[in-house]
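The values are calculated or read from the model by the stated rules, or taken from the named source; none is laboratory data. These numbers come from a predicted model, not from an experiment. So basically every Cβ, Gly included, is an ideal-geometry build from the backbone, and we count neighbours across all protein chains shown.
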Amino acid sequence: MTDAVVHLPVKLELMSRFHNRNFELLEPYDAKVSRTVLRGEGSSNAPDLLDIFLDNPAETFQQFEKRTRNLQSLSRYSRANQINKEWLDQFLNEGHSRGLTPVRCHCNVLAWSDDAEQLKRIKADVGSQLATMECKPRHNTVDVPALFWAGIPGNESDFPAEESFYTYLEQALCFFVEETNYRDSPSPFGIKMVDRITGKPLHLDISDEPMKRGVICNRNRIVISGSGGGKSFFVNHLVRQYYEQGTHVVLVDVGNSYKGLCALINHRTGGQDGIYFTYTEDNPISFNPFFSDDNIYDVEKRESIKTLILTLWKRDNEPPRRSEEVALSNAVSLYIQQIQNRDDLRPSFDTFYEFIDKEYRGLLERKRVREKDFDIENFLNVLEPYYKGGEYDYLLNSEQNIDLLNKRFIVFELDNIKDHPILLPVTTLIIMECFISKMRRLQGVRKLIVIEECWKALTSASMSQYIKYLCAPVQAA
């Protein structure tokens with residue numbers, strides 16, 4: 001995998017003269033600070049790896065004092081010993097006079113490519129750039145795997161001690177690079193960002209290009225920061241640009257973070273897009289799961305309607321019997337047939353309830369379905385609060401016939417209903433049906449679901465199961 005490592009002994013002030021290849025193996029170190037900064041585009045990559053080993057400073061100075069005395073006694077036998085002794089004196093004098101912390105440091109640049117000729121060019125380019133920094137590069141070969149492995153955080157105990165050199169903490173941190181030069185992505189899809197140092201506009205693709213390069217294996221991502229860190233600000237920026245490039249966006253919001261963006265899209269599209277679902281006393285949340293723009297009710301649409309009704313009918317700890325599931329499936333299928341065959345029938349929960357009470361009741365009587373197999377009176381009684389005149393008659397009888405399949409920007413604001421025993425499960429099922437139908441039916445179209453304050457959603461049993469279920473199909477879509 002990794003074809004070459006350029007090992008970089010640092011040459012800063014007087015510290016360049018101390019590379020521990022001239023010394024015995026070092027004792028185990030007390031601590032290690034590691035930093036990896038990714039660089040490079042295209043088929044080559046060059047991460048800079050910096051390892052700083054924090055030994056006991058007093059013991060390090062004692063070690064060098066002892067070596068100075070040894071070199072002093074041997075200086076008359078070799079001019080090299082005399083020169084090394086002078087270097088050590090300068091190193092110790094600077095450390096003691098300025099109160100510096102001695103450390104051991106290792107710096108390298110890992111470069112790789114599938115093309116042998118390109119790898120040679122990379123090695124030459126990296127070496128020439130290091131030379132301009134007054135650093136003398138050394139190309140490692142057989143010990144590349146060991147350096148790569150030991151550079152991974154957590155593997156510092158396996159780091160080869162002979163590959164480090166002594167310097168002071170200030171000089172070692174010169175290579176502790178925090179930023180790098182950014183490049184525009186060649187991908188046609190992406191988001192517009194900006195270089196924080198230069199202010200240069202950048203085109204960045206965090207979805208397609210990393211997949212093609214094998215950097216990631218799926219497009220799922222998580223945004224984490226402290227309160228006020230800019231999570232919602234960034235996601236607003238991201239979803240707007242995804243939407244403007246044709247993506248279908250479904251947002252599960254807590255805290256009205258996307259109300260402004262949704263209103264902007266709704267205004268720009270003349271009310272055709274930018275659908276915002278929220279609950280207030282004056283304008284309670286409402287849906288119409290029975291409506292379809294194209295009059296197509298596939299298997300998943302039928303199953304979502306059946307699941308929704310079962311959720312309203314049965315408690316969580318009251319599983320339906322097989323005979324009840326069959327009877328309800330037949331009722332949903334027959335009602336959908338009436339929707340497709342009758343132009344005067346308005347799809348809604350009210351008309352479904354009336355269909356059950358009249359036509360389907362007669363069918364059950366003709367088929368001699370027993371009450372213990374499907375108790376229609378119990379069914380109608382439990383669902384009566386959702387029928388006109390009931391406590392929740394608004395919930396499944398929205399006057400706005402909106403087919404969410406073809407709406408590209410939808411926000412579900414759950415803050416006011418997150419603890420509601422009726423509204424939250426229903427809204428969760430609507431979200432499930434909405435996004436799954438987009439995945440299954442909108443082939444070749446990019447889909448994005450964003451769950452704001454995801455930890456709150458995970459506390460809901462139904463929503464957490466849905467998120468777990470989504471991982472595989474979203475990854476494959």
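Some points to look at:
- Of the set (1) exposed (fewer than 11 other Cβ atoms within 10 Å of the Cβ); (2) assigned to a helix (DSSP H, G or I), all apply to D125 but (1).
- Options S16, S34, S75: the member that is part of a helix (DSSP H, G or I), among the small types (G, A, S), surrounded by 15 or more Cβ atoms within 10 Å (Cβ to Cβ) and at pLDDT below 75: S16
- Residue tally, condition surrounded by 13 or more Cβ atoms within 10 Å (Cβ to Cβ) and either over 17 Å from R67 (Cα atoms) or under 48 Å from the mean Cα position of the chain (by Cα) (or both), over the range 87-105: 9
- Any chance S304 is assigned to a loop (DSSP other than H, G, I, E, B), within 41 Å of the chain's Cα centre (by Cα) and surrounded by 13 or more Cβ atoms within 10 Å (Cβ to Cβ): no
- In summary, strands (runs of 3 or more DSSP E) completely within the range 168-255 and bearing 1 or more residues that are surrounded by 16 or more Cβ atoms within 10 Å (Cβ to Cβ) and of a type in the set (V, I, T) occur at 191-194, 248-253.
- Among the residues of the range 152-161, those that are out of contact with any strand residue (DSSP E or B) (no Cβ under 6 Å at 6 or more places or on another chain) and farther than 15 Å from D55 by Cβ comprise I152, G154, N155, D158, P160.
- For the range 351-376, filtering for residues that are part of a helix (DSSP H, G or I), acidic (D, E) and either touching a helix residue (DSSP H, G or I) at 6+ places or on another chain (Cβ under 9 Å) or loosely packed, with under 10 Cβ neighbours inside 10 Å (or both) leaves 2.
- Pairs where the first residue, in the range 385-400, is within 14 Å of P421 (Cβ to Cβ) and of a type in the set (A, V, I, L, M) and the second is buried (at least 18 other Cβ atoms within 10 Å of the Cβ) and at pLDDT 90 or above, C-beta under 9 Å, 6+ apart: L395/F349; L395/Y386
- Comparison of P421, P473, P385 shows that the only residue that is part of a helix (DSSP H, G or I), over 25 Å from H237 (Cβ atoms) and modelled with pLDDT of 75 or more is P385.
- Here L130 clears all of (1) touching a helix residue (DSSP H, G or I) at 6+ places or on another chain (Cβ under 6 Å); (2) touching a residue at least 60 places away in the same chain (Cβ under 8 Å) except the condition numbered (1).
- Condition check for I296: surrounded by 18 or more Cβ atoms within 10 Å (Cβ to Cβ), in a loop (DSSP other than H, G, I, E, B) and of a type in the set (A, V, I, L, M, F, W, C): no
- Among the residues of this structure, N283 does not count as one that is over 30 Å from L238 (Cβ atoms), loosely packed, with under 13 Cβ neighbours inside 10 Å and out of contact with any strand residue (DSSP E or B) (no Cβ under 6 Å at 6 or more places or on another chain).
- Long-range neighbours under 9 Å by Cβ, at least six apart or interchain, first residue touching a residue at least 12 places away in the same chain (Cβ under 8 Å) within the range 71-87, second surrounded by 13 or more Cβ atoms within 10 Å (Cβ to Cβ) and basic (K, R): L71/K85; Q72/K85; N84/R17; N84/R67; K85/R67; W87/R17
- Residue in the range 267-286 that is under 30 Å from D343 (Cα atoms), touching a residue at least 40 places away in the same chain (Cβ under 8 Å), among the acidic types (D, E) and not in a helix (DSSP H, G or I) present: yes
- Checklist (1) in a helix (DSSP H, G or I); (2) surrounded by 17 or more Cβ atoms within 10 Å (Cβ to Cβ) applied to A263, failing item: (2)
- The range 306-342, residues that are without any contact (Cβ under 8 Å) to a residue 60 or more places away in the chain, within 22 Å of I431 (Cα to Cα) and of a type in the set (V, I, T): V332, I336
- If the condition is being within 20 Å of I430 (Cα to Cα) and small (G, A, S), then the range 238-275 contributes G255, G274.
- Residues in the range 321-346 that are crowded, with 17+ Cβ neighbours inside 10 Å and either acidic (D, E) or touching a Pro at 6+ places or on another chain (Cβ under 9 Å) (or both): E324, L328, Y335, I336, I339.
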